[in-house]
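S.K.: Would you mind keeping the following structure in view while I ask a few things?
The values are calculated or read from the model by the stated rules, or taken from the named source; none is laboratory data. Computed from a predicted structure; not experimentally measured. Don't worry about glycine lacking a Cβ; one is built from the backbone with ideal geometry, like all the others, and counts go over all protein chains shown. We work out accessible area using only protein heavy atoms, side chains counted, and drop any ligands, DNA or RNA first. Shrake-Rupley method; radii C 1.70, N 1.55, O 1.52, S 1.80 Å.
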Amino acid sequence: MSLARAWPAPRDGQAFDLVVVGGGATGLGVALEAAQRGLDVALFESHDFASGTSSRSTKLLHGGVRYLAQGNLSLVREALAERAAVLKLAPHLAQPLAFVMPAYRWWQAPFYGAGLMLYDLLAGRAGLGRTRWLQRAATLQALPGVQPRGLRGSVQYWDGQFEDARLAIALARTAQAAGAQLLNHTEVTDLQRPANGPSHVGLRDRLSGREAVVHARCVVNAAGVWVDALRQRPGTAHAPPARLVSPSQGVHLVVDRSFMPAERALLVPRTRDGRVLFVVPWLGHLILGTTDTPRPDMPREPQALDEERQFILREASAVLARQVCLSDVRSEWVGLRPLVAAPRPNDKATRQLSREHTIVQDDDGLVTVVGGKWTTYRAMALDVIEHCMQHALLPHRPARHRDAPLLGAPAPTAHALHAPPGLHLYGTLASEVLACPGAQRELGLGLTEAMVRYAVRCEYACTVEDVLARRWRALFLDAREARRMAPAVADILQQEGVNDPALAEFTALCGHYLPEGL
Ligand SMILES: Cc1cc2nc3c(=O)[nH]c(=O)nc-3n(C[C@H](O)[C@H](O)[C@H](O)COP(=O)(O)OP(=O)(O)OC[C@H]3O[C@@H](n4cnc5c(N)ncnc54)[C@H](O)[C@@H]3O)c2cc1C
């Protein structure tokens, strides 16, 4: 039996050097790093690539200004270098973005400006532009829509922004081109490690219900907030290890760009209750966020708490000239941060605290990687592969092609990510999309029939949700419009040979992305 898809897929009983569990930023980064070294890799993702946290980030490539305040300068320096690397790897999906911090009190601009000068200094040659102070008039010009009452000026600094779900697909396709085999909608259901010999990895295709087993010398658990389910699975010969993840949720609200028709982002470094608020132009809309609320239950589709919505609306309304109401929200999405729980004294696992992320090797040999952020996915992948080689779980192979552009890069023309979505998001692959039937037929929000066909043929899309949530960000931009587009997308998927595009499930899901329902 094979877990068949339209692309090369693992066969029942096939053996690999490495099996990666989870197709978010972390797992895809690990699969790519391993494949580029010439290792035999398979990656299994239970739902869709990036359908967990990795499509629900604030879309910022950043060094972590907050670590400056904690004095963790080496962490900031590393993330800034990674920021620069990602910008080079996929310029059609990751670009520099100016951030403006409006100042309403006399001390704010000099205070935050001084910290940001240090940020520039740490970036060194990886810097994207100098921090500078803007007068009131220049601030109003830079941020049309900002609250002018009491505005004194601002500080502008540089970070990056990206399209997280499409970057994940670019990673997956680049890994596949390097020899990795990747399957979405395929859950790792079991893991057995005999005393001698490779691990047996049990799989279930969630679309067909079919099951299979593959073998691996080494298994890396990159299941995000869900890593502990695999670590603590029943039936292991060893005592279940202590929980590693302590998730927290972050809410984003998407509103019309007319609230702030700027080409720069706005940052409130300290809200009235001491948090951070971003207003980020993205794909022709504005993202407002985010929050930080403990969420131990880890649902697949977490919902915002009313107080989280109220916090975002209140703080955005305080800094924008126009008040933002719940009825203005076009989409609301929530991500779970895979934060690493504090180690317990009786935790016997080999716990290696490394930068922001943690690598743990349990008694049964399972290597788990968790934490970090999207920006540092490459650094995490490097650490994981080096850990596995040092512990003789993988054969030694030198790193190769780490700085090679991802599939679709370099972009033929620079096109801003804050502009409405279009063909430019495919980079050099745009001509392949145009070669599919229906290039002139637009279904909404810039998505064409040809793009849907391309998503099925070349981008692993299997359901309406895969297309409208992640290959194209319709659900994340405007849930009502996504619901309207869904039947046409389902129809095209069926023409492309998809038996059940799960239209009803997607229609129901759209209701979760609107605070007031559909
Ligand atoms: C609100 C919020 C905002 C953020 N903003 C930013 C930002 O602006 N910039 C930044 O750099 N970082 C940001 N981050 C952090 C970043 O998004 C995460 O660190 C990163 O996406 C985590 O990726 P991951 O692969 O570890 O987890 P995930 O993306 O969750 O991937 C894990 C995958 O494993 C799969 N899985 C689980 N169990 C199994 C199984 N048994 N078999 C197969 N597959 C399985 C899941 O379906 C999931 O897709 C943000 C995070 C949040 C929550």
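S.K.: Go over the candidates Leu171, Leu203 one by one and state the one that is part of a helix (DSSP H, G or I), at pLDDT 95 or above and within 13 Å of the ligand (Cβ to nearest atom).
M.R.: Being part of a helix (DSSP H, G or I), at pLDDT 95 or above and within 13 Å of the ligand (Cβ to nearest atom) holds for just one of Leu171, Leu203, which is Leu171.
S.K.: Here is a list: Ala85, Ala31. Which entry is modelled with pLDDT of 95 or more, within 16 Å of the ligand (Cβ to nearest atom) and either open to solvent by less than 10 Å² (accessible area, probe 1.4 Å) or not in a helix (DSSP H, G or I) (or both)?
M.R.: Ala31 is the lone residue from the list that is modelled with pLDDT of 95 or more, within 16 Å of the ligand (Cβ to nearest atom) and either open to solvent by less than 10 Å² (accessible area, probe 1.4 Å) or not in a helix (DSSP H, G or I) (or both).
S.K.: I'd like to check something: does region 112-134 contain any residue that is assigned to a strand (DSSP E or B), modelled with pLDDT of 90 or more and open to solvent by less than 10 Å² (accessible area, probe 1.4 Å)?
M.R.: No, that holds for no residue.
S.K.: Another question about this same structure. Please verify whether Leu417 is assigned to a strand (DSSP E or B), open to solvent by less than 20 Å² (accessible area, probe 1.4 Å) and modelled with pLDDT of 95 or more, treating the condition exactly as stated.
M.R.: Against the criterion (assigned to a strand (DSSP E or B), open to solvent by less than 20 Å² (accessible area, probe 1.4 Å) and modelled with pLDDT of 95 or more), Leu417 does not qualify.
S.K.: If you scan region 175-200, which residues turn out to be within 10 Å of the ligand (Cβ to nearest atom) and either open to solvent by 60 Å² or more (accessible area, probe 1.4 Å) or in contact (Cβ under 8 Å) with a residue 60 or more places away in the chain (or both)?
M.R.: Across region 175-200, the qualifying residues are Leu183, Asn184, His185, Thr186, Glu187, Val188, Thr189, Leu191.
S.K.: Tell me which residues, restricted to region 274-322, are under 21 Å from the mean Cα position of the chain (by Cα) and without any contact (Cβ under 8 Å) to a residue 12 or more places away in the chain.
M.R.: Correct list: Asp297, Pro299.
S.K.: So, one more: With (1) within 29 Å of Ser248 (Cβ to Cβ); (2) part of a loop (DSSP other than H, G, I, E, B); (3) touching a strand residue (DSSP E or B) at 6+ places or on another chain (Cβ under 6 Å); (4) open to solvent by less than 20 Å² (accessible area, probe 1.4 Å) as the list, and Leu97 as the residue in question, which single condition is left unmet?
M.R.: (2)
S.K.: Taking interchain pairs and intrachain pairs at least six residues apart, which have beta carbon atoms under 7 angstrom, with the first residue in region 42-56 and more than 19 Å from Val214 (Cα to Cα) and the second among the basic types (Lys, Arg) and more than 6 Å from the ligand (Cβ to nearest atom)?
M.R.: Pairs that qualify, where the first residue is more than 19 Å from Val214 (Cα to Cα) and the partner is among the basic types (Lys, Arg) and more than 6 Å from the ligand (Cβ to nearest atom), are Asp48/Arg470; Ala50/Arg470; Ser51/Arg470; Ser55/Arg470.
S.K.: When the residues of region 327-341 are filtered to those that are modelled with pLDDT under 95 and part of a strand (DSSP E or B), which remaining residue is nearest to the ligand (Cβ to nearest atom)?
M.R.: The qualifying residue nearest to the ligand (Cβ to nearest atom) is Arg337.
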